Structure formats: C-alpha cells, structure tokens
Amino acid sequence: MASPWETLGVPQDSDERSIKRAYAKLLKATRPEDDAEGFQRLRQAYDMALHMAQADFALNDEDISSAAIQPQTAAPGPEAPSPAHMPEPEPHFEAVNAWDTAHAAWQEFLQTPLSAATRKLDELMKQSALQNLDARDVLEVLAARHCAEQDTNEEVRQTIVLFFGWEHDHDHLRRLDGMAAYGAMARFRADNGYRRLLTIRAQNPAAALLLADKPPRFHIKTFRYRFMQTMRELLAGLHWEYPETLDLRLNPDVVSWWAHKANTRRYYLDTAISSLGAGLALFLLLMFLGADQYIGNSPLFTLSLAVAVGAGILFSLRPPRGLLMAWRQIFNKHLLPLLHDDRRYFQIRFGWIPFFLGATLLMFIPAPGLLLQGVVALIMTACAALALFSVLLNTSWIAYAFATALACVLCYFLKTEVFTGHHWLVSFLASLCVQCLIVSGNARQASLDYRHGPRMMLTRGIWLAGAALLIQSTSMLPESGTTLALLFWIWALAGIMLSSFNTPIWFTWPTYFLINAFLSEQGGLMRHYSDPRLATLTPIMLMIAIYVLVTMVRASENKPII
C-alpha cells in the first residue's frame with residue numbers, strides 16, 4: 001500500500017499548504033464520477049497527510065515553547081534513559097495507525113449484509129483497536145462520506161445515521177468534516193421526505209404525481225381547484241420540512257412543472273360549475289322579482305348565466321386583492337378566535353337550530369299577519385347568518401356557492417308549496433339553513449358516532465320507524481293534513497341532524513327530484529293528500545331516510561363518515 005506522500009507526490013516533511021496544493025492539482029484529473037476508487041484513495045491520502053502534518057506542527061510548536069521557558073544551566077552529563085519514561089511515539093505514526101485501523105474496520109463493514117449492518121457497527125465500535133478516539137473519528141468520517149454519496153443504499157444510510165445519532169446532533173461530525181456532514185444529513189432528510197411521499201401517495205394523488213419520472217404534457221386535474229390547492233399545500237410543506245427531497249430525490253422537471261401550474265391563476269372547472277349554479281340562482285331571483293315579464297324567460301336565463309360566468313372568470317383571473325385582504329384581516333382578528341373556542345363554537349354551531357325550528361313552525365300558520373312575517377324574517381336572517389358562520393371552518397367558497405344554488409332550488413318548492421304565506425326571501429333563508437345542516441353533516445356525525453356510537457344506531461333506527469309510520473299515516477289519517485305536515489317537517493329536520501350526506505353536495509337534492517318523479521308516476525299516489533304541502537314533504541322525507549340508512553350501514557362497518 002503506497003504511503004500518502006507517494007500518492008500525493010510530495011515530500012514527507014511538506015506543510016499543509018503544499019499538501020493542499022498537491023491535492024487540488026490531482027483532484028482536477030481524478031473525478032469521483034469517473035474513477036470512484038481512485039478518488040477515494042486520493043481523498044484518504046490527503047486526509048492522512050494533512051492529519052500528520054498538523055500533528056508535526058503541533059509537536060514542533062510545543063518543543064519551541066518548552067525551549068523558550070527552560071532556564072539556562074550548565075549542560076549535564078549523559079544519562080541513561082529510565083525504563084519508566086520511554087519516549088512517546090511520534091504523532092504522525094499515531095495518525096497513520098488510527099487511519100489504517102478505521103479503514104480496515106470500514107472495509108469490513110462494507111462487506112456486511114444489510115440485515116446485520118447495525119449489529120456489525122456495534123461490534124466494530126466495541127473492538128479494542130477502535131477504542132482510540134482518533135480511530136473512531138476517522139471511522140465516523142468515512143461513514144459520513146459514504147452516506148453523502150448519491151449511490152449509497154437508502155437503508156444503509158439510515159442505519160448509519162441512526163447508529164451514530166446524527167439526526168439529533170452532528171456538531172462533532174461537522175467539525176471533523178463539514179462537507180461530509182452536510183452531504184450525509186441532506187441525503188438522510190431527502191430519504192425521509194421521499195418515504196413520506198411513498199406513504200401518502202395512495203391517499204394523496206398529488207404525492208403520486210410528484211413521484212413521476214417525467215412531467216406530463218397535460219393533466220385534467222390542473223383544472224380542479226381542490227386538487228391544485230392540495231398540490232400547493234404539498235409543495236409548500238415539502239419546501240418547509242423536506243427541501244432536500246425536492247433537490248435530491250424528485251425529478252426537478254416534474255417539480256417545476258407542477259409548481260408552475262399550482263401558482264398560475266386559472267379558471268377552474270369548480271369555478272365554472274359554481275358560476276352556473278350562481279347563474280341559476282340569479283335567474284330564479286330575477287324571476288321572483290318579475291323581471292321575466294319584461295325580457296322573457298330565455299333572454300333572462302342567458303343573461304343570468306353570462307353575468308355569473310363572467311364574474312367567475314374575473315374573480316379567478318383578477319381577484320379583488322384589497323377586498324380579500326380586508327376580509328382575511330377581519331376573519332383572523334375577530335372570527336377565527338370564536339371558531340377555536342370550543343364552548344363558543346358549540347353554541348354557534350347548534351344554538352341557532354331551536355330558533356330556526358320555531359321560526360319554520362310559525363311559517364306553517366296560514367295567512368300570517370305583517371307582524372308575524374316581520375318577526376319570522378328577523379329570526380330567519382339571524383339563523384342563516386349563524387348557520388353560514390358555523391360551517392366556515394369546514395367549507396370552501398365553492399361549497400358555499402353550491403349550497404346557495406341548491407338552496408335556490410329548494411326555495412322554489414318551499415315557497416310555492418310549503419311556506420306560501422311568507423316572502424320568497426324568507427323561504428330562501430330557510431333553505432340556506434337546511435343546506436348548512438346538510439353541509440356540516442359529515443363532521444357532526446363523526447363527532448356523534450365517536451361519543452355515542454351504539455345509542456346513535458338505536459336513535460337512527462327509531463327515526464326510520466317513525467318516518468315509515470308518518471308516510472303510512474298520510475293514507476290512514478287524511479283529515480289530519482296540517483298536523484301531519486308539521487310532524488313531517490320536524491321529523492325531516494331531525495333526520496338531517498342524524499344523517500351524513502357523504503355524497504357530493506350537488507347530488508343531494510337531485511335525489512329529491514328522482515323520488516318526486518317516481519311517486520308522481522305511481523297511479524296518483526300524490527293526489528290523496530289532504531294538505532298539499534305533504535306532496536313536497538313526503539319525497540323530502542324519503543330522501544333523508546335513504547341518507548340515514550346509508551349512515552347506519554357505514555357506521556356499522558366502522559367506515560369513516562368523512
């Protein structure tokens with residue numbers, strides 16, 4: 001084995017500056033990617049020569065200092081050396097010995113199977129030859145340089161880092177070899193982030209797409225708001241917690257492609273659907289105001305859709321930043337503390353429901369006076385505001401748009417067939433409250449099933465039995481139409497409280513239309529009601545019964561509600 005001086009081509013008494021110059025000159029012709037073994041030999045020779053040169057310098061400096069403080073006395077005669085005070089070995093010989101010991105131990109570790117890597121490291125560190133601190137330091141440096149290499153096995157790197165405890169403290173390693181410490185820990189953190197992506201890719205499609213080998217030319221999910229929001233959050237999380245994963249493990253073209261798409265404003269498919277819903281709501285609003293008498297239904301419908309879609313495009317591509325910033329400040333300062341106060345949030349979430357129930361029962365009174373209409377309108381306005389605020393944490397603005405559009409659809413049936421004595425705006429507010437109960441159903445049922453699992457199953461069973469009894473009573477008690485209508489409404493609201501509408505929100509009320517159409521085709525089943533309001537409330541009851549039954553099945557299978 002050639003000495004480090006021969007490998008570097010310098011005399012044995014060279015200083016640190018000469019060693020570094022020789023190393024830099026040879027490094028230009030020895031690249032690790034072209035000749036890994038040659039580079040390793042050169043690096044080992046450089047470290048060994050540098051260590052011995054530093055040791056020689058320290059020894060010479062100590063000799064000079066000792067000579068400077070020695071008193072000038074007459075030279076004594078020669079004395080024989082005492083056996084108890086033999087001369088200590090020179091430092092460069094100790095350095096060579098430490099390097100050889102550590103290098104031999106490291107080569108022995110590299111021949112060890114992966115399954116026994118931790119045990120082998122423990123055995124090596126217990127050897128008497130490695131009780132020397134210099135040898136231990138050299139072994140740690142060799143291990144760090146191995147971990148810093150790109151081709152090192154991920155499990156081997158993790159085993160080494162965990163064995164030496166570098167994930168908690170690698171200051172000593174950084175003092176020994178800063179570049180090796182930085183490279184090893186960067187690779188280690190990159191591996192951790194990569195494993196995290198592999199773990200969540202089944203539940204998070206964004207993670208699976210970041211793991212791709214090459215960027216796509218086009219992807220339909222770039223037009224889905226929820227998905228791109230997930231991608232933005234995932235990229236931000238990686239930049240914050242695992243930036244090394246983005247640089248060292250993932251394809252940079254893939255990361256750059258998705259980062260560009262995530263940070264580019266676009267007109268999402270979700271925005272288009274919500275714009276259509278808002279256009280429908282605007283059309284119904286204008287119809288209630290009688291605008292169709294002036295320009296006709298078709299032009300009014302076209303104009304409503306054009307206004308809603310145009311507003312959606314403008315809001316997506318050129319959002320009102322000042323308005324959004326003001327709203328965010330108000331929300332963070334005044335509203336968010338209320339939502340994170342458990343007691344107040346519980347009061348906001350459920351406190352409005354009894355008042356809402358009472359107001360809707362008052363709306364069943366035929367031919368109400370102006371005073372009653374005004375009181376009901378005030379109560380319903382307050383309930384709608386609290387209902388919208390109660391679902392603020394778990395609802396996006398797109399879900400708000402869907403809820404508003406579907407509330408308009410429900411409002412049409414409630415105003416024309418159930419709450420005929422009140423203004424259409426009051427019916428719309430009541431419909432909006434019902435939609436908020438539906439939107440918050442998933443979180444509400446998850447909480448109820450967690451706290452009162454068996455009792456909730458029994459309660460839902462009782463509700464289904466009561467719903468069947470009420471539907472059957474429409475033919476058995478035809479003279480009790482008004483009372484049955486009140487009971488239908490109360491029972492329907494109770495069913496909404498007990499069910500989880502875990503299908504997409506835009507499929508909720510279409511279920512009502514299908515049931516309504518089915519009942520209308522069944523030989524006059526809709527004609528025997530003594531109270532016409534039952535013709536609307538019966539399909540609503542059947543729709544809610546379906547969701548209550550589905551909630552029971554999912555709860556019995558221990559499947560998550562959300």
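The values are calculated or read from the model by the stated rules, or taken from the named source; none is laboratory data. Small disclaimer: the values here were computed from a predicted structure and weren't measured. So basically every Cβ, Gly included, is an ideal-geometry build from the backbone, and we count neighbours across all protein chains shown.
Regarding ARG232, is this residue of a type in the set (Lys, Arg) and either in contact with an Asp or Glu (Cβ under 9 Å, 6 or more places away or on another chain) or not in a helix (DSSP H, G or I) (or both)? Please lay out each step first, then the result.
On the way: of a type in the set (Lys, Arg): yes; either in contact with an Asp or Glu (Cβ under 9 Å, 6 or more places away or on another chain) or not in a helix (DSSP H, G or I) (or both): no.
Criteria not met by ARG232.
Are any of the residues in the range 220-231 of a type outside the set (Val, Ile, Thr), more than 30 Å from SER275 (Cα to Cα) and modelled with pLDDT of 90 or more?
No, that holds for no residue.
Before we move on, is ILE438 part of a helix (DSSP H, G or I), under 20 Å from PHE355 (Cβ atoms), at pLDDT below 85 and not hydroxyl-bearing (Ser, Thr, Tyr)?
Yes; evaluated as a whole, the condition is true for this residue.
Rundown of residues vs (1) touching a residue at least 60 places away in the same chain (Cβ under 8 Å); (2) crowded, with 18+ Cβ neighbours inside 10 Å; (3) farther than 28 Å from THR152 by Cα; (4) under 21 Å from the mean Cα position of the chain (by Cα), yes/no style:
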| position | (1), (2), (3), (4) |
| --- | --- |
| ASP253 | no, no, no, no |
| SER256 | no, no, no, yes |
| ALA281 | yes, yes, yes, no |
| ILE295 | no, no, yes, no |
| LEU305 | no, no, yes, no |
| ALA308 | no, yes, yes, no |
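Can you name every residue in the range 452-477 that is surrounded by 14 or more Cβ atoms within 10 Å (Cβ to Cβ) and modelled with pLDDT under 70?
So in the range 452-477, the residues surrounded by 14 or more Cβ atoms within 10 Å (Cβ to Cβ) come out as 456-457, 459-460, 463-464, 466-467, 470-471, 473-474.
None - no residue of the range 452-477 is surrounded by 14 or more Cβ atoms within 10 Å (Cβ to Cβ) and modelled with pLDDT under 70, so the list stays empty.
Looking at LEU114, LEU121, LEU133, LEU197, which one is aliphatic (A, V, I, L, M), farther than 22 Å from ARG41 by Cβ, touching a residue at least 24 places away in the same chain (Cβ under 8 Å) and surrounded by fewer than 15 Cβ atoms within 10 Å (Cβ to Cβ)?
Values: LEU121 fails: surrounded by fewer than 15 Cβ atoms within 10 Å (Cβ to Cβ); LEU133 fails: touching a residue at least 24 places away in the same chain (Cβ under 8 Å); LEU197 fails: surrounded by fewer than 15 Cβ atoms within 10 Å (Cβ to Cβ).
Checking each option against the conditions leaves just LEU114.
So how many residues does the range 254-295 have that are in contact with a helix residue (DSSP H, G or I) (Cβ under 8 Å, 6 or more places away or on another chain) and either of a type in the set (Asp, Glu) or in a helix (DSSP H, G or I) (or both)?
28
Out of all the residues in the range 250-260, is one or more in contact with a Gly (Cβ under 9 Å, 6 or more places away or on another chain) and modelled with pLDDT of 90 or more?
yes
State which residue is modelled with the lowest pLDDT when the search covers only the range 1-48 and only residues that are surrounded by fewer than 18 Cβ atoms within 10 Å (Cβ to Cβ) and among the aliphatic types (A, V, I, L, M).
MET1
The conditions are (1) in contact with a His (Cβ under 8 Å, 6 or more places away or on another chain); (2) assigned to a loop (DSSP other than H, G, I, E, B), and LEU209 fails exactly one of them. Which is it?
(2)
If we scan the range 148-157, do we find a residue that is of a type outside the set (A, V, I, L, M, F, W, C), surrounded by fewer than 18 Cβ atoms within 10 Å (Cβ to Cβ) and assigned to a helix (DSSP H, G or I)?
For the range 148-157, residues of a type outside the set (A, V, I, L, M, F, W, C), surrounded by fewer than 18 Cβ atoms within 10 Å (Cβ to Cβ) and assigned to a helix (DSSP H, G or I): present.
Given PHE188, PHE164, which one is buried (at least 19 other Cβ atoms within 10 Å of the Cβ), among the aromatic types (Phe, Trp, Tyr), under 22 Å from ALA102 (Cα atoms) and touching an Asp or Glu at 6+ places or on another chain (Cβ under 9 Å)?
Numbers: PHE188 fails: under 22 Å from ALA102 (Cα atoms).
Answer to the check: PHE164.
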